[in-house]
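The structure under discussion appears below in the form of structure tokens.
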Amino acid sequence: MRIHACWRRVGSGRMPGPIRLLALEHTTGTTAMTDCRTFNGVSEAIFSCVKKKSFEEHGTVYEPANANQGKATTKVPVVGTVVVSFSFDPTAGTIVYCIISKPWIVSASQVFDGIGDTINSCRKS
């Protein structure tokens with residue numbers, strides 16, 4: 001069993017704040033990642049749209065469904081399953097995604113670019 005953690009420094013301005021644990025996952029028999037990406041300017045309406053649109057377009061399931069923190073799973077036909085943790089902070093308007101596991105053929109940038117495209121699409125709607 002492996003344990004993976006995703007950390008983010010919190011704080012603002014020139015003085016960095018403490019480091020906060022964003023995700024801690026136990027994995028067995030899979031390649032686990034700890035790549036994380038923060039997206040800014042995300043309102044509750046945008047986050048709701050992202051969850052709906054990603055389900056409609058990719059079959060992504062957010063668990064728990066109405067929570068600000070949890071796990072999102074996308075089963076990509078033929079390729080495999082992508083699992084990310086998410087932590088949405090509505091007060092700060094940020095959401096952090098951390099890759100828990102992904103097929104070797106899918107790069108981290110593909111995962112994050114896809115999430116970013118969905119967020120940007122939701123900003124326009």
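The values are calculated or read from the model by the stated rules, or taken from the named source; none is laboratory data. Not measured: the values here are computed from a predicted model. Cβ coordinates were reconstructed from backbone atoms using ideal geometry, including for glycine residues, and neighbour counts include every protein chain displayed. The accessibility values were calculated without ligands, DNA or RNA, using every heavy atom of the protein model including side chains. Shrake-Rupley method; radii C 1.70, N 1.55, O 1.52, S 1.80 Å.
Only residues in the stretch 59-74 that are open to solvent by 30 Å² or more (accessible area, probe 1.4 Å) count as the first member; pair them with residues that are of a type in the set (Gly, Ala, Ser), Cβ under 8 angstrom, at least 6 apart or cross-chain, and list the lot.
61/72; 63/70; 63/72; 64/70; 68/87; 69/85; 69/87; 71/85
Give the stretch 33-89 a look and list any residue that's more than 16 Å from residue 106 (Cβ to Cβ) and among the hydroxyl-bearing types (Ser, Thr, Tyr), or say none.
The answer is 38, 43, 48, 62, 85, 87.
Scan the stretch 89-120 for residues that are in a strand (DSSP E or B) and either in contact with a Cys (Cβ under 7 Å, 6 or more places away or on another chain) or open to solvent by less than 10 Å² (accessible area, probe 1.4 Å) (or both) and jot them down.
Selection gives 95, 96, 97, 98, 99.
Out of 108, 92, report the one residue that is touching a residue at least 60 places away in the same chain (Cβ under 8 Å) and of a type in the set (A, V, I, L, M, F, W, C).
Matching residue, one of 108, 92: 108.
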